[in-house]
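*Asks:* The following block contains the structure, expressed as structure tokens.
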Amino acid sequence: MTERIDGHTLLISLIATPIRHSLSPTMHNEAFAKLGLDYAYMAFEVGNEELKDAVQGIRALGIRGSNVSMPNKQAIIPYLDELSPAAKLVGAVNTVTNKDGKGHLVGHVTDGTGAMRALKEEGVEVKDQIVTMTGAGGAGTAIAIQAALDGAKELRIFNINDQHYKNAEETVKKINENTDCTATLTDLSDQTAFKQSISESSIYIDATGVGMKPLQEESLINDPEVIRPDLVVFDVVYIPKETKLLKFARENGAKKTINGLGMMLYQGAEAFKHFTGEDMPVDYIKELLF
Ligand code: NAD
């Protein structure tokens, strides 16, 4: 690092809390070093209270871009100058660009496109498919909207009746009004409808985080009959690499099981492209980190 950073080095930030566990700083710094790009990426512990000042700091210091994670993905929107069409539709931002350090901040969302690319890299296309999803929080909304934009035929979202349910209703409305995809929302407590929906889908996506600590022993599917040899099961969680759901799906003969590592990698790769204009060396990063 000391050999790399000098007076010309440009800074990219990550603002979120908690954030010390994140793989993003290592991923981006290794990619900068590999390509010989004069950037450094640093994580800053920033919550909603510090957010306004942090965004002013990005402008004042000419920080060239920033990733944004919880709890700031929605809260940052009022402080930005412009949103990409996808960020506007999703209502959340995970990447901010500050072109030439001039202070005009544009918000993008790369979680949905990252997830779609992760599926494509595994040979899975959402176009013309019926997709069942659980979860409509930050990750789920971005995935649902991108899947609809990428031509999914039907998106059937199931959510528990918690504070995210209203957001899920809005997501379904946005998809139906703005895309050719037909979206529906059903309470996950209707297990008959959930199982029926999966039986008619080629892809099941779990975007709830169930399967990650502290719910690492839980899975939203426990009935072997739900898993079919032509069903793809995608879980956005990447720690652990194989959640209880993915293990269950693999052991019961699902066509393919995919964890959240690819989504993590490709949302980062797209952010990297926004920051630097260069392609992240994804194979190198994959080998190094995954
Ligand atoms: P969030 O809190 O915004 O949304 C969580 C969703 O899950 C909501 O729809 C909620 O209603 C639902 N939910 C919560 N507990 C549930 C339960 N017990 N049963 C059924 N549904 C439940 O969270 P988020 O930011 O969307 O993150 C969700 C998961 O996605 C996390 O595990 C996060 O680590 C992961 N994630 C992965 C990536 C990646 O790149 N792979 C990116 C973003 C988020």
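The values are calculated or read from the model by the stated rules, or taken from the named source; none is laboratory data. On a predicted model such as this, the values are computed, not experimentally measured, just so you know. Reconstructed Cβ throughout: ideal geometry from the backbone, glycine too, with neighbour counts over all protein chains shown. Side chains are part of the model used for accessible areas, which takes the heavy atoms of the whole protein and leaves out ligands, DNA and RNA. Shrake-Rupley method; radii C 1.70, N 1.55, O 1.52, S 1.80 Å.
*Asks:* Kindly evaluate THR184 against the criterion of being in contact with a Leu (Cβ under 9 Å, 6 or more places away or on another chain) and in a strand (DSSP E or B).
*Replies:* Yes: the conditions hold for THR184.
*Asks:* Do we have ALA254 as outside any helix (DSSP H, G or I) and within 22 Å of LYS120 (Cβ to Cβ) here?
*Replies:* Criteria met by ALA254.
*Asks:* If we scan segment 38-56, do we find a residue that is assigned to a helix (DSSP H, G or I), more than 15 Å from LYS273 (Cα to Cα) and open to solvent by less than 10 Å² (accessible area, probe 1.4 Å)?
*Replies:* The answer is yes, given that some residue of segment 38-56 is assigned to a helix (DSSP H, G or I), more than 15 Å from LYS273 (Cα to Cα) and open to solvent by less than 10 Å² (accessible area, probe 1.4 Å).
*Asks:* Please enumerate the residues belonging to segment 135-153 that are surrounded by fewer than 24 Cβ atoms within 10 Å (Cβ to Cβ) and farther than 15 Å from ARG117 by Cα.
*Replies:* The answer is GLY137, GLY138, LYS153.
*Asks:* Do we find that LYS213 is of a type in the set (Lys, Arg), open to solvent by 10 Å² or more (accessible area, probe 1.4 Å) and at pLDDT below 95 in this structure?
*Replies:* So LYS213 fits the description; yes.
*Asks:* Now a separate question. Suppose we keep only residues that are within 11 Å of the ligand (Cβ to nearest atom) and among the small types (Gly, Ala, Ser) within segment 234-268. Which one would you say is surrounded by the most Cβ atoms within 10 Å (Cβ to Cβ)?
*Replies:* GLY260
*Asks:* Quick one: would you say LEU14 is at pLDDT 95 or above and either of a type in the set (Phe, Trp, Tyr) or crowded, with 20+ Cβ neighbours inside 10 Å (or both)?
*Replies:* Here the answer is yes, as LEU14 does meet what is asked.
*Asks:* Yes or no: GLU121 under 29 Å from VAL233 (Cβ atoms), among the acidic types (Asp, Glu) and touching a residue at least 24 places away in the same chain (Cβ under 8 Å)?
*Replies:* So GLU121 passes the test.
*Asks:* Of all residues in segment 57-70, which are closer than 30 Å to GLY7 by Cβ and either within 12 Å of the ligand (Cβ to nearest atom) or exposed (fewer than 15 other Cβ atoms within 10 Å of the Cβ) (or both)?
*Replies:* Across segment 57-70, the qualifying residues are ALA60, LEU61, GLY62, ASN67, VAL68, SER69.
*Asks:* Further question: Filter segment 125-154 down to residues that are in a loop (DSSP other than H, G, I, E, B) and within 16 Å of the ligand (Cβ to nearest atom) and give me whichever is farthest from ILE205 (Cα to Cα).
*Replies:* Taking the candidates together, the pick is GLY137.
*Asks:* Out of ILE157, ILE198, report the one residue that is among the hydrophobic types (A, V, I, L, M, F, W, C), farther than 18 Å from LYS127 by Cβ and in a helix (DSSP H, G or I).
*Replies:* Answer to the check: ILE198.
*Asks:* Residue by residue through segment 71-124, note down the ones that are open to solvent by less than 30 Å² (accessible area, probe 1.4 Å), part of a helix (DSSP H, G or I) and on the phi > 0 side of the Ramachandran plot.
*Replies:* Matches in segment 71-124: GLY101 only.
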